[in-house]
Amino acid sequence: MIPYGRQQIDEADIAAVVDVLRSDWLTTGPRVAEFERAVADYTGAAHAVAVNSGTAALHAMMAALEIGPGDEVIVPAMTFAATANSVVYQGGTPVFADVDPDTLLISAESVERLLTPRTKAIVAVDYAGQPCDYPRLQQLADQHGIPLLTDGCHALGAKLGNRSVGTLTTMTAFSFHPVKPVTTGEGGMVTTNDANLAARMRVFRNHGIVTDARQREEQGTWFYEMQELGYNYRICDVQCALGIQQLRRLDEWISRRQEIAARYDQAFGELGNLRHLSCRPGVSHGYHLYVVRIADGQRNRVFSELRDAGIGVNVHYVPVHLHPFYRRRQQTQEGMCPHAEAAFSEILSLPVYPALTDMQQDLVIARLHAAVRTAQRRAA
Ligand SMILES: *Cc1c(COP(=O)(O)O)cnc(C)c1O
């Protein structure tokens, strides 16, 4: 099976993990801070707070903003459920914005229509690894005096102009799940330039426990107190050792993903009922996903044909407002985000990862061409 995405692990990664296993620190030790510094330096953000998943990173952002009952947070409908769930963890209400049909990125027009006095933040998702239209979204956020955030789980290493994802909004969440740009097994990070938000997230990931150095001196080294409700969202040194190594190869991996994407773009130029998503000008796309749209109701059959041929195509994503949980909780339904819903019936994610060979890619292209030609005959 050729999967749609997979991790890349080399001997240096393995050696770095083994070193930690032989050291005194398994959980929060020197590697956590080192990995945070590495991601901050890589993106150009002032602060980075490491946690144990991308979902925890999203939750930490919502907690840092004190999102709570009665608050609305605008999120795109076309994303992984965790983007919206992080709002619900805090008791808030995710409000689903539609997406641009050519990029599947959150539509500023849709956001504008959904803003209310209860809107406390906007979360943009850099879907597939492509940065959103941040100048336009920032304008809307500024007009309403609310922060703009990024779910950058697809997009570590992507850029808008010469600025990296991680510095484009108030806070950015990253994931280090194995299919993501770099992995720690499970893991996540938030980057921000705001020292106060970073400090709040450091407390949040550790049960809400504060240890004040001065009080500790006065009252003995045992002093600590819990100021807020927090969680155990700590990532461990074993994982961070892997992350530090992975990050060193990220630029090379992104170049390879861009090469693969360019070959796909070229191969799919002239097919009637198949088109690929577009890349906005000025963007260095991270290509976590390479997504095509297959028209005429043929996507499911093309999906099955490719799966039968050992090609692990996938569908990213079921629009979040169509999940039973949100239908029950918020009475969401079909028709609320027409572009996301139309895309959902047509999208297919093709294999893209650094170790994918040209030969494997040629096989994917040939199989897809054949499946699409059969689909065209069926549709005619
Ligand atoms: C992967 C992903 C997440 C969740 O990250 P985990 O590390 O799996 O918790 C959130 N949002 C998006 C867009 C993702 O792709």
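The values are calculated or read from the model by the stated rules, or taken from the named source; none is laboratory data. All of these numbers come straight from a predicted model, not from anything done at the bench. Counting neighbours? That spans all protein chains shown, and the Cβs are built from the backbone with ideal geometry, glycine included.
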With criteria (1) over 13 Å from the mean Cα position of the chain (by Cα); (2) closer than 23 Å to Phe344 by Cβ; (3) in a helix (DSSP H, G or I), Thr83 comes up short on (1)
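What residue, of Gly91, Gly68, is at positive phi, more than 19 Å from the chain's Cα centre (by Cα) and surrounded by fewer than 24 Cβ atoms within 10 Å (Cβ to Cβ)? It would help to see each step written out before you state the result.
Details: Gly68 fails: at positive phi.
Within the list Gly91, Gly68, the selection yields Gly91.
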Reported set for segment 146-155 where residues are out of contact with any helix residue (DSSP H, G or I) (no Cβ under 7 Å at 6 or more places or on another chain) and within 14 Å of the ligand (Cβ to nearest atom) is Thr150, Gly152
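If the requirement is being aliphatic (A, V, I, L, M), without any contact (Cβ under 8 Å) to a residue 24 or more places away in the chain and out of contact with any Leu (no Cβ under 6 Å at 6 or more places or on another chain), which of these qualifies: Ala295, Ala309, Ala267, Ala262?
Numbers: Ala295 fails: without any contact (Cβ under 8 Å) to a residue 24 or more places away in the chain; Ala309 fails: without any contact (Cβ under 8 Å) to a residue 24 or more places away in the chain; Ala267 fails: without any contact (Cβ under 8 Å) to a residue 24 or more places away in the chain.
None of the other options fit; the residue is Ala262.
Tally up the residues in segment 57-109 that are small (Gly, Ala, Ser), out of contact with any helix residue (DSSP H, G or I) (no Cβ under 8 Å at 6 or more places or on another chain) and either away from the ligand (no atom under 11 Å from the Cβ) or not assigned by TED's automatic domain parsing to the domain that holds Met171 (or both), please. Quick ask: steps written out before the conclusion?
Within segment 57-109, the subset small (Gly, Ala, Ser) is 57, 60, 63-64, 68, 70, 77, 81-82, 84, 86, 91-92, 97, 107-108.
This time we only want the ones that are out of contact with any helix residue (DSSP H, G or I) (no Cβ under 8 Å at 6 or more places or on another chain), so: 57, 68, 70, 91.
Still in the list and also either away from the ligand (no atom under 11 Å from the Cβ) or not assigned by TED's automatic domain parsing to the domain that holds Met171 (or both): 68, 70, 91.
Number satisfying all stated conditions: 3.
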Those residues of segment 219-253 which are touching a Gly at 6+ places or on another chain (Cβ under 7 Å), among the acidic types (Asp, Glu) and over 26 Å from Asp13 (Cα atoms) amount to Glu228
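Yes/no per residue for (1) buried (at least 17 other Cβ atoms within 10 Å of the Cβ); (2) basic (Lys, Arg); (3) in a loop (DSSP other than H, G, I, E, B); (4) not assigned by TED's automatic domain parsing to the domain that holds Lys180:
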site: Ala198; (1), (2), (3), (4): yes, no, no, no
site: Val203; (1), (2), (3), (4): yes, no, no, no
site: Glu218; (1), (2), (3), (4): no, no, no, no
site: Thr221; (1), (2), (3), (4): no, no, yes, no
site: Ile235; (1), (2), (3), (4): yes, no, yes, no
site: Ala241; (1), (2), (3), (4): yes, no, no, no
Looking across segment 271-285 at residues that are within 20 Å of the chain's Cα centre (by Cα) and aliphatic (A, V, I, L, M), the single one that is surrounded by the most Cβ atoms within 10 Å (Cβ to Cβ) is Leu277
Being crowded, with 24+ Cβ neighbours inside 10 Å, in a loop (DSSP other than H, G, I, E, B) and in contact with a His (Cβ under 7 Å, 6 or more places away or on another chain) narrows Pro101, Pro131, Pro181 down to just Pro181
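For Val352, indicate whether it is buried (at least 16 other Cβ atoms within 10 Å of the Cβ), among the β-branched types (Val, Ile, Thr), within 16 Å of the ligand (Cβ to nearest atom) and without any contact (Cβ under 8 Å) to a residue 60 or more places away in the chain. Give the steps one after another, and end with the answer.
Values: buried (at least 16 other Cβ atoms within 10 Å of the Cβ): yes; among the β-branched types (Val, Ile, Thr): yes; within 16 Å of the ligand (Cβ to nearest atom): yes; without any contact (Cβ under 8 Å) to a residue 60 or more places away in the chain: no.
Judged against the criteria, Val352 is not a match.
Take the conditions away from the ligand (no atom under 14 Å from the Cβ) and either of a type in the set (Phe, Trp, Tyr) or not assigned by TED's automatic domain parsing to the domain that holds Thr191 (or both) and apply them to Tyr134. Does it pass? Spell out how you get there, then give the answer.
Values: away from the ligand (no atom under 14 Å from the Cβ): yes; either of a type in the set (Phe, Trp, Tyr) or not assigned by TED's automatic domain parsing to the domain that holds Thr191 (or both): yes.
Yes.
In segment 1-38, what residues are part of a helix (DSSP H, G or I) and either at positive phi or without any contact (Cβ under 8 Å) to a residue 60 or more places away in the chain (or both)?
Step one: list which residues in segment 1-38 are part of a helix (DSSP H, G or I), which gives 11-21, 30-38.
Selection gives Glu11, Ile14, Ala15, Val18, Ala33, Arg37.
Could you name every one of the strands (runs of 3 or more DSSP E) located completely within segment 264-380 that has at least 1 residues being among the small types (Gly, Ala, Ser)? Break it down stepwise before answering.
Values: elements: 274-276, 290-294, 347-350.
So the answer is 347-350.
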